[in-house]
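Please treat every number below as a calculation from the coordinates, not as lab data. These figures come from a predicted structure and were not determined experimentally. We place every Cβ from the backbone using ideal geometry, glycine too, and count neighbours over all the protein chains shown.
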Ligand code: AMP
């Protein structure tokens, strides 16, 4: 039985559902979901000089430098909980970062990643981000049915009042989409002859999960251990 650890990479524009699917896959496979955006948002709250600069970058929707991202990802992937694999949500975002990831995985004696590219139109992304709300306490993401009337939407976990993310404002959304478009072609070129799969991400979350499970050879009714075996079996192929 193939039993190497494996990194799964989720590519795609903001609002394409990577976070939702990363947490589902994380629960099913019992490997951590790592969102570089979440790591950076937490760092922004530290009050340091670097944090202030980082906060300005995130609010503007621009990308953080490849050098800083390399340090962030290296310090996360070398933690013990990644030894059985991990799910990367939001990294890599440039071909340079993809090159760095390959070198890091090889240093960690992990095979190259399985890549899922979430495809969804810019119009759909803008609509989804307009409706997105987040719990400021636990980070859980919600979709507002009626974005104009959500001042009192509460988190089901901890009852905090849900807020829009600082970078889900129209100008930052436009910049984030531009950043994605600038880098998407390079990333596809980098990965297309590898273990690379396109995902129709405009479908419902359950339909997207079904595509991922299908590609990974997972059964939605299988026990977790069997799901893990299914994942590693794909990795072997
Ligand atoms: P996300 O939560 O993935 O939408 O990321 C939020 C913001 O964090 C992005 O708009 C970037 O400013 C920054 N960020 C997250 N991941 C990366 C990355 N891999 N490279 C550069 N910037 C990133």
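Worth pointing out:
- The mean sequence distance of close C-alpha pairs (under 8 Å, at least 6 residues apart), as a share of the length of the chain, puts its relative contact order at 30 percent.
- Counting DSSP beta bridges with both ends in the chain, the antiparallel % (nearest 5): 25
- Overall dimensions of segment 81-126, expressed as equivalent-ellipsoid semi-axes from the Cα gyration tensor (√(5λ), whole Å, largest first), are 25, 13, 8.
- Size descriptor for segment 40-123, Kirkwood hydrodynamic radius: 14.5 Å (Cα pairs only, one decimal).
- Ordering of 94-100, 159-165, 202-208 by packing [mean C-beta count within 10 Å, highest first]: 94-100, 159-165, 202-208
- Stokes-Einstein diffusion coefficient of segment 1-75, Kirkwood radius over Cα pairs, 10 °C, 1.306 mPa s, in µm²/s: 112
- Its relative contact order, with pairs defined as Cα atoms under 8 Å and 6+ residues apart, puts segment 132-179 at 36 percent.
- Segment 144-222 and segment 82-143 have Cα centres separated by 9 Å.
- Folded to 0 to 90 degrees: helix 95-107 orientation relative to the chain principal axis, Cα: 50
- Theoretical FRET efficiency, 1/(1+(r/R0)^6), r = Cβ-Cβ of residue 81 and residue 107, R0 22 Å, to 0.05: 0.80
- As a calculated quantity, the FRET efficiency between residue 206 and residue 74 at R0 = 30 Å, using C-beta atoms, amounts to about 0.30.
- Ascending count of other beta-carbon atoms within 10 Å, so fewest first, for 86, 138, 155: 138, 155, 86
- Counting only Cα atoms, the size of the chain along its three principal axes is 52, 39, 32 Å, in decreasing order.
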